[in-house]
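Below is one structure, written out as structure tokens; comments come after it.
The values are calculated or read from the model by the stated rules, or taken from the named source; none is laboratory data. Keep in mind the model is a prediction, meaning the values are calculated, not measured. Cβ placement follows ideal geometry from the backbone for every residue including glycine, while neighbour counts extend to all protein chains displayed.
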Amino acid sequence: MTAVLGEGARAPLSERGRRTRDRLVSAARSVFEERGFDATRMGDIAAAAGVSHGTVYTWFPTKEDVLHGVVDSVSEELYEALSSPDLTDPIARIDVANATYLDVHRQSARLMEVVAQAAVNDESFRAVLTGLRHTHVDRVAKTIAKLQKDGLASVDLDARISAAALCAMVEGVARYWLGDEGDLAADAGGEAAVISTLTALWARSLGLDEHGGT
């Protein structure tokens, strides 16, 4: 995926400019995650990055542009978490994918909360969140369709509906039952138990055990 700058953001014109912009983006992520979108001011970002107010505005005319820059900086990591690992065994692929998703969610959950705050009044951030979910569902749907074609998954299931339901399950567990919102991992005997249970639910839902998955 190619990162897309916020509408008002400038692309760096030099190596020095790129370093300055990267420093601003890194500082901005910390400030946004600490203060939230609404409470963050451009001056907070400038202070965290150790630059003048004018330097921030040189690269990012608005606070929304800064947040888009932050999201762009982690977009490759986020989309990588939505990719299917290159493994031949379908259940092993699902297990690795679930573990990766939970790990990346842990690292980016607070940032996504900030984006959700911004999305209340800004359609562009709603598009960011929708795009992530659609990409996740689309990729999983293609994987399910391929498993069905290969005779490894139940063919009586709608691939896209199945993908949406399974992705929602993993997202819900990650958002509401792990980390600050809950202690499911502790109750279940560790995150490995959570991952193995999610994987078993995927495999049974898709009929992988019955159709040759191991």
Exercise. Find the residue count for segment 101-117, including only residues that are out of contact with any Leu (no Cβ under 9 Å at 6 or more places or on another chain) and under 15 Å from Ser196 (Cα atoms).
Key: 1
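May I ask you to say which residue of Arg110, Arg126 is touching a residue at least 24 places away in the same chain (Cβ under 8 Å) and under 28 Å from Ser26 (Cα atoms)?
Just a single option satisfies the conditions, and that option is Arg110.
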Self-check item: Criterion violated by Ala48 - all others in (1) in the same structural domain as Val140 (by TED's automatic domain parsing); (2) among the aliphatic types (A, V, I, L, M); (3) modelled with pLDDT of 95 or more satisfied
Solution: (1)
Exercise. Six or more apart or on different chains, Cβ under 6 Å: which pairs go from a residue in segment 196-214 that's not assigned by TED's automatic domain parsing to the domain that holds Ile144 and among the hydroxyl-bearing types (Ser, Thr, Tyr) to one that's modelled with pLDDT under 95 and assigned to a loop (DSSP other than H, G, I, E, B)? Could you list them?
Key: Thr214/Asp89
Quiz item: For residues in segment 144-165 being part of a helix (DSSP H, G or I) and hydrophobic (A, V, I, L, M, F, W, C), which is surrounded by the most Cβ atoms within 10 Å (Cβ to Cβ)?
Solution: Ile144
Quiz item: Among the residues of segment 199-214, which ones are surrounded by 17 or more Cβ atoms within 10 Å (Cβ to Cβ), of a type outside the set (Gly, Ala, Ser) and either at pLDDT 95 or above or at positive phi (or both)?
Solution: Thr199, Trp202, Leu206
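Of a type in the set (Asp, Glu), farther than 30 Å from Val194 by Cβ and modelled with pLDDT of 90 or more: is that true of Glu33 in this structure? Even if it seems obvious, please write down each step before you answer.
On the way: of a type in the set (Asp, Glu): yes; farther than 30 Å from Val194 by Cβ: no; modelled with pLDDT of 90 or more: yes.
In short, no.
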Quiz item: Name the pairs: first residue in segment 129-145 and assigned by TED's automatic domain parsing to the domain that holds Ala116, second residue at pLDDT below 90 and of a type in the set (Phe, Trp, Tyr), Cβ to Cβ under 7 Å, at least 6 apart or on different chains?
Solution: Thr135/Tyr79
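I'm checking my understanding of the structure. Among residues of segment 86-126 that are closer than 28 Å to Lys146 by Cα and among the small types (Gly, Ala, Ser), which one is surrounded by the most Cβ atoms within 10 Å (Cβ to Cβ)?
Per the stated criteria, the residue is Ala97.
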Practice problem: State which residue is surrounded by the most Cβ atoms within 10 Å (Cβ to Cβ) when the search covers only segment 29-72 and only residues that are among the charged types (D, E, K, R) and either without any contact (Cβ under 8 Å) to a residue 12 or more places away in the chain or over 23 Å from Val128 (Cα atoms) (or both). | Solution: Asp44
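Per-residue answers, yes or no, for (1) within 24 Å of Glu191 (Cα to Cα); (2) among the polar types (S, T, N, Q); (3) at pLDDT 90 or above; (4) touching a Gly at 6+ places or on another chain (Cβ under 8 Å):
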{"position": "Pro90", "(1), (2), (3), (4)": "yes, no, yes, yes"}
{"position": "Ala99", "(1), (2), (3), (4)": "yes, no, yes, no"}
{"position": "Asp122", "(1), (2), (3), (4)": "no, no, yes, no"}
{"position": "Ala145", "(1), (2), (3), (4)": "no, no, yes, no"}
{"position": "Gly172", "(1), (2), (3), (4)": "yes, no, yes, no"}
Quiz item: Would you say Ala141 is among the aliphatic types (A, V, I, L, M), within 19 Å of the chain's Cα centre (by Cα) and surrounded by fewer than 19 Cβ atoms within 10 Å (Cβ to Cβ)?
Solution: no
